[in-house]
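Participant: What follows is a single structure, and I will ask about it in a moment.
The values are calculated or read from the model by the stated rules, or taken from the named source; none is laboratory data. Here the structure is a predicted model, which is why all the values come from computation and not from measurement. Counting neighbours? That spans all protein chains shown, and the Cβs are built from the backbone with ideal geometry, glycine included. To get the accessible areas, we keep the full protein, side chains included, count just its heavy atoms, and leave off ligands, DNA and RNA. Shrake-Rupley method; radii C 1.70, N 1.55, O 1.52, S 1.80 Å.
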Amino acid sequence: MNDTTLDAPQLSRRNLLKVGLLGTALLGTAGLTATLSGCSASTPANGYLILRSSDLPFLRALIPVMLDGAVSAEQMPQAIDGTLKSLDTSLAHLSPEMLKLTVQLFDVLALPITRGPLTGVWGSWDNASADDVRNFLARWQNSSLSLLRMGHASLLQLVMMAWYSRSEAWAHCGYPGPPTV
């Protein structure tokens with residue numbers, strides 16, 4: 001019979017299972033806490049179809065970092081608001097299961113008990129600098145955990161699709177717009 005144990009005791013199957021169970025318990029507890037405390041209230045923020053008040057600080061910190069270089073500083077406030085509206089419209093057209101997963105992702109990023117350890121941003125997103133957000137994105141993009149890498153890809157796709165669906169984004173990438181009759 002082959003020995004399938006790892007050489008490093010800290011990477012044993014038993015320890016890997018313990019970490020997996022601990023992570024599951026942590027995320028489950030955070031989700032339950034968010035639900036019971038009202039952090040994941042399903043009531044949309046004023047003027048939005050899907051996005052909640054708890055989602056907006058994170059997205060307002062994320063969007064300028066992702067649009068850096070594509071939008072001038074003086075146009076950034078309008079670009080953020082427009083991207084949020086486009087994102088909200090896109091979320092309203094997701095399947096219920098995909099919307100549920102996206103809301104869970106936003107909950108994990110909004111809840112302090114999960115935000116700090118998972119993102120490295122220990123304070124409020126309102127107080128996060130652009131470098132804090134860049135470090136968070138790099139951390140998730142290069143994570144050894146596939147779930148965090150998938151979260152990074154999801155955030156990137158959501159924000160970029162929301163931005164590039166807007167006509168003011170087209171000139172930056174040389175797109176003349178849809179054909180007109």
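Participant: Of the residues that sit in segment 114-129 and are open to solvent by less than 30 Å² (accessible area, probe 1.4 Å) and assigned to a helix (DSSP H, G or I), which one is farthest from PRO64 (Cα to Cα)?
Facilitator: As a first pass, look at segment 114-129 and keep what is open to solvent by less than 30 Å² (accessible area, probe 1.4 Å): 114-116, 119, 121, 125, 128.
Of the ones still in play, those that are also assigned to a helix (DSSP H, G or I) are 114-116, 119, 125.
Values: THR114: 23, ARG115: 19, GLY116: 21, THR119: 17, TRP125: 13 Å.
Looking at residues that are open to solvent by less than 30 Å² (accessible area, probe 1.4 Å) and assigned to a helix (DSSP H, G or I), I get THR114.
Participant: From the list SER154, SER86, SER90, SER144, which one is of a type in the set (S, T, N, Q) and assigned to a loop (DSSP other than H, G, I, E, B)? Even if it seems obvious, please write down each step before you answer.
Facilitator: Numbers: SER154 fails: assigned to a loop (DSSP other than H, G, I, E, B); SER86 fails: assigned to a loop (DSSP other than H, G, I, E, B); SER90 fails: assigned to a loop (DSSP other than H, G, I, E, B).
When all the criteria are applied, what remains is SER144.
Participant: Same structure again: Just one of LEU105, LEU111 is in contact with a Gly (Cβ under 7 Å, 6 or more places away or on another chain) and either surrounded by fewer than 13 Cβ atoms within 10 Å (Cβ to Cβ) or modelled with pLDDT under 95 (or both); which is it?
Facilitator: Details: LEU111 fails: in contact with a Gly (Cβ under 7 Å, 6 or more places away or on another chain).
After ruling out the rest, the residue left standing is LEU105.
Participant: Can I ask one more? State which residue is surrounded by the fewest Cβ atoms within 10 Å (Cβ to Cβ) when the search covers only segment 28-65 and only residues that are β-branched (Val, Ile, Thr) and modelled with pLDDT of 70 or more.
Facilitator: First, pick out the residues of segment 28-65 that are β-branched (Val, Ile, Thr): 29, 33, 35, 43, 50, 63, 65.
Now narrow it down to the ones that are modelled with pLDDT of 70 or more: 43, 50, 63, 65.
Numbers: THR43: 9, ILE50: 20, ILE63: 23, VAL65: 17.
It comes out as THR43.
Participant: Yes or no: segment 130-141 includes at least one residue that is small (Gly, Ala, Ser) and surrounded by 15 or more Cβ atoms within 10 Å (Cβ to Cβ).
Facilitator: Going residue by residue through segment 130-141, those that are small (Gly, Ala, Ser) are 130, 138.
Filter once more, keeping what is surrounded by 15 or more Cβ atoms within 10 Å (Cβ to Cβ): none.
There is no residue in segment 130-141 that is small (Gly, Ala, Ser) and surrounded by 15 or more Cβ atoms within 10 Å (Cβ to Cβ).
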